């Protein structure tokens, strides 16, 4: 009934225990989504750096190279963008004012992580890609600590 | 040089060890992506079933109810679609003919999992949502077995 | 040449004057994008509240009502999501550490604005929709002040 | 009730005063959205033209160059596409037959503007990028004139 | 070489024979894409009208009904939007000034077709959905006539 | 009423005659969507191979070349991805267990077709692009045979 619906609704937002990855709130979030994207950014960064550059006079080799490099840059871009989105969802939707006591540097942690995603797009930098992985791991640890759960950090690649 | 580029390229596709989640191949895949989406489908399914239906004569309550229900259905739809996409990427890009020896029912496993995603859209069914979680877990086990790694199955919600 | 390319690249990031709305950096940003989306959220919120609820026994009227309401909720959702994205691009890509002196509450301003976007999705609330417009206006003022420009705040609707 | 719902619905479409940017109709439109995208097209066009081309023998410089150029072309593409979409929304959803008296060349204006977006994709042309800005400004003036409002034309970059 | 590249480039745009569905120009276009979307709009419109409305007191039936109706409206919306996009690509990218002699009402034909897409979103109207099919068929005939080809009009449903 | 709604719902899924291209089920599907995308992949593949490679010392020619090549690779990528999606929708949503009697190699046909889409992305291969067209034609024939209809295979380019 009406009063039950209203009290239920109020319990959702801005209740401290609400976490959403889709603004439902559906109660499902997992930093592994951001981790997968960050792993791809690192992988593509390495692959771009490993490509041999053929001579432009060798047409077939040049086409293969340009097709491959172009795709790698685009995939790096897309994965860095997705990593940024996943990271920001955690900041805007999961973390709440109650978490600021335990993590007074919460905003700065997320700001830096998002800016690292941009750096990985703008540059082909192994350093930034590794820093991004570390930033995501830091967020992974903070996240699971707030839920009092011990979920291992692992990489798929 | 050209010959090195070509042999490198040939090693990628259709080499048995190539796995991609973005057709790079970037070498990063993790069934946890599909698992997160499936968890959200289950969560939204439960939330839809738990909503109290107010009287249409109570305008404020009715608007709240319709806004909430409408959003829940849309999020369930979106998450079921994403789960389907993640599942299919594994089938088309990760699994290779060499895997058919160990998993002769590979195609049927994935076909059924994808059809379960559709069922979760078309219906509000706790049974199908749970079957989808089981299908994703089966795929998780197959996937990590092919990589000789023991990665725990866990849920974020 | 290499040194010129490197010094040019370093000048872009994290140089204080870099602003991007597409991680180019392309140097183009304008809070009016977020403003348009916020106006639409407010507009749809009002329209949802104004709809008359017909009797379910009147099939034709009921279908019209459900089609309209469903679409309004979906458009409100989409526009609130776009507003959130536009707001976050400003936070992650435009604003830099140098701005924290003048705006020590920068992070909190953006955090609250993003959470208002979520509130406008989850609820049908004139209050939150208006608060969102005010949050965007506050960001508009901060933004143009950092650029030493006086660009009027206006609404299109 | 039914008759009120129907007369309300009829008032929306194709009433001469209906304007939408999201087919709500939500009543919110602003050519500044198209203007921001067009500014980015111009900005990226200039940036592409300004890049120094290193020697392919300098691997690090070449990777930086290709990453940067590839991204610039992709951003130019994306922004030109968005500009086209925003321009077309105005043509299909905002402008109505009643406007043809005042603007007999309405269709041609929009047709040319859309084709300019394509030209900016297909070429790296400062001329076309500037013509696109002029086309958007022309549309800005027509738009606000139909609403009897004087909204300044300004650029964010 | 340079002169060859330039003459090739000039031959593409605004050459009268250039047609693109992706601004490549890739030279591939087919109104059947728009036709498939329009068929789906018609199909969903009929399905919405055929749904029986249960009593709100029957919770299970009500949830099924709302899930189904909500999805149908969303799919109708998505398909009408895609139809609009496919129609507009033909107008902006395929048709050229040379076609205006044979089709002086070209702009109006496309304007009306796009506005029909909006009407099909805003209303649940069998009439508009059928008019949209007729508009697409008219465009199909114009298109293939300009290519001097006789491609049958058929429907998939 | 309830029983009618339930029997109608059960008739949709998993009834053998249900076919959807949007999980409605809307009953509209047509392999021509996949065919259009595959044609574009072939067209872009040819265009990439036909581009002349200018000297890097000729800046204007080099910019034109890189802009064009970059766009062609991106469009090939996008169209190959869309072809893959359209192909998979047929496999997951249209084809049912009842079809396995007539087409025991159904899964393998679709698996290979999807992997060809990936090959067309990863390589610039006329052979793979033509094989993809053949794979789509095979699917076209299977599809219309299951519907007892004779719909001609034609290409738009």
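No lab work stands behind these numbers, since they all come straight from the coordinates. Treat the numbers as computed from the prediction; the structure is a model and nothing was measured. FYI the Cβ positions are ideal-geometry reconstructions off the backbone, even for glycines, and counts take in every protein chain you see.
Cut-off is 10 Å between beta-carbons; in what order do E:128, F:107 appear when sorted fewest neighbours first?
Neighbour counts put them in this order, fewest first: F:107, E:128.
Measuring label to label, 7 Å along Cα→Cβ, what does residue E:145 give against each other copy in nm, shortest first?
From this label point to the equivalent ones elsewhere in the assembly: 3.4, 3.8, 6.2, 6.3, 7.2 nm.
Return the whole-Å distance between the Cα centroid of the range E:60-99 and the Cα centroid of the range C:19-44.
Value for the Cα centre distance between the two parts: 26 Å.
Along Cα→Cβ, 7 Å out, is where each label goes; now give me the distance between the ones at residue B:59 and residue C:99 in nm to one decimal.
Label-label distance for residue B:59 and residue C:99, simple model: 4.1 nm.
For peptide A:74-83, compute the average count of partner chain beta-carbon atoms within 10 Å of each residue's beta-carbon.
4
Nearest to the axis that maps chain F onto chain A: list the chain F residue whose Cβ wins, with the distance in whole angstrom.
Closest Cβ to the F-to-A rotation axis, residue and whole-Å distance: F:70, 3.
Rounded, prolate or oblate: which fits the protein assembly as shown, taking a ≥ b ≥ c as square roots of the Cα gyration tensor eigenvalues, rounded meaning a/c under 1.5, else prolate when a/b beats b/c?
rounded
Run through the other copies and list how far each one's label point is from that of residue F:102, in nm with one decimal, shortest first; the point sits 7 Å from Cα along Cα-Cβ.
Relative to the other copies, residue F:102 has label-point distances of 3.6, 3.8, 5.9, 5.9, 7.0 nm.
Need one value for C:85-91: mean number of C-beta atoms belonging to other chains within 10 Å of its residues' C-beta atoms.
Across C:85-91, the average partner-chain Cβ count within 10 Å equals 3.
With each label point set 7 Å from Cα along the Cα-Cβ vector, what nm distance links residue A:154 and residue D:151?
5.4
Mean residue ellipticity at 222 nm from the helices of chain A, using -39,500 (n - 2.57) per DSSP H segment of n ≥ 4 over the full residue count, to the nearest 500 deg cm²/dmol?
For chain A, the value works out to -21500 deg cm²/dmol.
Is the C-alpha gyration tensor of chain D telling us rounded, prolate or oblate? Criteria: a/c under 1.5 is rounded; beyond that, a/b larger than b/c is prolate, otherwise oblate.
It is prolate, given that a/c is not under 1.5 and a/b is the larger ratio.
Looking only at other chains, what is the average number of their beta-carbon atoms within 10 angstrom of each beta-carbon in C:102-112?
Whole-number average of other-chain Cβ neighbours for C:102-112 is 2.
When a/c is below 1.5 the answer is rounded, else prolate if a/b is larger than b/c, else oblate, so apply that to the range A:92-157 with a ≥ b ≥ c taken from the square roots of the Cα gyration tensor eigenvalues.
Because a/c hits 1.5 or more and a/b fails to exceed b/c, the range A:92-157 counts as oblate.
First measure r as the distance between the Cβ atoms of residue A:126 and residue C:138, then evaluate 1/(1 + (r/R0)^6) with R0 = 56 Å and state the FRET efficiency to the nearest 0.05.
After rounding to 0.05, the efficiency reads 0.90.
Return C:118, C:152, A:125 ranked ascending by Cβ neighbour count within 10 Å, so the fewest neighbours appear first.
C:152, A:125, C:118
Within 10 Å of each residue's Cβ, count the other Cβ atoms and sort C:155, A:45, B:146 from fewest upward.
C:155, B:146, A:45
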